[in-house]
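Undergrad: Mind looking over this structure? Questions follow.
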Amino acid sequence: MKGLKAIFKRELGSYFDTPVAYVFIVIFLVLNGIFTFYVGGFFERGQADLAPFFEFHPWLYMFLIPAISMRLWSEERKSGTLELILTLPVSLTASVVGKFLAAWVFTALALLGTIPIWVTVNYLGDPDNTVIAISYIGSLLMAGGFLSIGSCVSALTKNQVIAFVVSFIICLAFNLSGFPMVLDVFNAWAPQFVVEVIGSFSFLTHFDSIQKGVIDIRDLIFFASLIGFWLFANVLAIEFNKGD
């Protein structure tokens, strides 16, 4: 896609033009440390693994990823630069994908900052590093899913706060869709296949199997399809609102 690389470099560089990126990374690292070693009871468990570390990622991303994605398009609409982007010799799809990839790489850099936690676990014991590596990949895929949702929502409004709140609600719905308390509501009136479909949308369900070191093609297809769908919706949202 023509112009994708230029959009990607521009967006990724913009994250580090302000202190916001560094604040986000510090908050992400601190929260990961707190949830892993204190809330997750790492030392009390007496096991050398990163299960507590990854268990909290769906909930951390639910708050932090919308904070990254809320500015992707809403800021462009608010400042009036969206019209300029649309006049550039770059396809709209390339712009959407470029912005998404920049945000995803930024998230990956923040995730790489947690490597010292992995090193610490190896110092304290003998963990299964293959499982941990697979879990990192799964965590990044899940972050991509959250980001694609946030990017699409950001294209629907000029208000970053609204983009954050709506993205958070949608991400919460994806996290909770596999919970028994949610499925029981549908069990009361919906056919079983509908209940199963709703449960299959849960980020927690798909990430749980990856977190155990199991690479199931269905989980990969789920995250890839989710990202593809929301990016496609992102393009349509910009097309629909470009006159606003």
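Every number in this text was worked out from the coordinates using simple rules, so none of it is lab data. All figures in this text were calculated on a predicted structure; none of them were measured in a lab. All Cβ positions, even for glycine, are placed from backbone atoms using ideal geometry, and neighbour counts span all protein chains on display.
Undergrad: So for the pair Leu60, Val165, with labels modelled 7 Å out along Cα→Cβ, what separation do we get in nm?
TA: 2.7
Undergrad: So what is the calculated 222 nm ellipticity per residue for the chain, using -39500 (n - 2.57) for each DSSP H run with n of 4 or more, over all residues, to the nearest 500 deg cm²/dmol?
TA: Calculated mean residue ellipticity at 222 nm is -24000 deg cm²/dmol.
Undergrad: May I ask for the net charge around Thr120, where only other residues with Cβ less than 15 Å from the Cβ of Thr120 are counted and Lys, Arg are +1 while Asp, Glu are -1?
TA: Residues near Thr120 contribute -1 overall.
Undergrad: Pop a pseudo-label 7 angstrom from the Cα along the beta-carbon direction at both Val105 and Asp126 and give the gap in nm to one decimal.
TA: Using points 7 Å along Cα→Cβ, the separation is 4.0 nm.
Undergrad: Student exercise: in region 4-241, how many lysine pairs 8 or more apart or on different chains have Cα atoms under 18 Å apart?
TA: For region 4-241, the number of qualifying lysine pairs is 5.
Undergrad: Gaussian network model of the chain, Cα springs within a sub-10 Å range: biggest mean-square fluctuation belongs to which of Ser79, Ser135, Ser209?
TA: Ser79
Undergrad: Taking a ≥ b ≥ c as the square roots of the eigenvalues of the Cα gyration tensor of region 121-218, is the shape rounded (a/c under 1.5), prolate (a/b larger than b/c) or oblate?
TA: Cα axes put region 121-218 in the oblate bin.
Undergrad: Let's test the formula: R0 of 35 Å, r as the Cβ-Cβ distance of Lys78 and Phe43. What FRET efficiency results, to the nearest 0.05?
TA: 0.15
Undergrad: In addition: Using Cα pairs closer than 8 Å and at least 6 residues apart in sequence, work out the relative contact order for the chain, in percent.
TA: 27
Undergrad: Among Trp118, Trp73, rank each residue by its count of other Cβ atoms within 10 Å, from fewest to most, as a rough exposure measure.
TA: Trp118, Trp73
Undergrad: How big, in percent, is the set of alpha carbon pairs in region 4-241 lying more than 32 Å apart?
TA: Value for region 4-241 (Cα pairs over 32 Å): 24 percent.
Undergrad: Please give the residues of region 90-109, grouped as numeric ranges, whose backbone N is less than 19 Å from a label point set 7 Å along the Cα-to-Cβ vector of Val26.
TA: 107, 109
Undergrad: Helix 217-241 sits at what angle to the longest principal axis of the chain, using alpha carbons and giving 0 to 90 degrees rounded to 10?
TA: That helix lies at roughly 20 degrees to the long axis.
Undergrad: So, one more: Helix 92-112 versus the longest principal axis of the chain: what is the Cα-based angle in degrees, 0 to 90, to the nearest 10?
TA: Once rounded, one gets 30 degrees.
Undergrad: 7 Å from Cα along Cα→Cβ at both Glu196 and Ile221: what's the point-to-point distance in nm?
TA: Each label point is offset 7 Å from its Cα along the Cβ direction, giving 1.4 nm.
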